[in-house]
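Where a number appears in this text, it was derived from the coordinates with a stated rule and is not lab data. Keep in mind that what you see is a predicted model, and the values were worked out from it rather than measured. Glycine also receives a Cβ, built like all others from the backbone with ideal geometry; neighbour counts cover every protein chain displayed.
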Amino acid sequence: MGREKLTQAILNWKFVYTFWIVNCIIYQVSERTCPASIPTLLYWGLLGIITTIVGCYHAYKKRWIEALLYFCLFLFPQIVTLFME
């Protein structure tokens, strides 16, 4: 995959949401077999950082809806886990 195609995929919120959902399902299945490990937590943290940076990029370009979609993708799971504890 070329650099331009990768950039376009990251900026496409539909692709990122699909990727995030698939990873979430895989994480939930693997969480039942073995507890969360450091690499898993680092992976999810890296995904969160990438989506936040892309959200900032969209906010800088004044694409408010896309920016909100990316910010919610990272923040919503953290908010939900606060209420579930």
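If R0 is 35 Å, what FRET efficiency do you get for residue 68 and residue 33 from their C-beta distance, rounded to 0.05?
Numbers: r = 35 Å, r/R0 = 0.99.
E between residue 68 and residue 33, to the nearest 0.05, is 0.50.
What is the gain in length, in nm to one decimal, between residue 49 and residue 6 on full extension, counting 0.36 nm per residue of separation less the C-alpha to C-alpha distance? Could the numbers behind the result be given before it?
Working: separation 43, 0.36 × 43 = 15.48 nm, distance 1.67 nm.
Length difference between fully extended and current span is 13.8 nm.
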Calculate, in nm to one decimal, what residue 61 and residue 24 gain on full extension: separation in residues at 0.36 nm each, minus their alpha carbon distance.
-> 10.5 nm
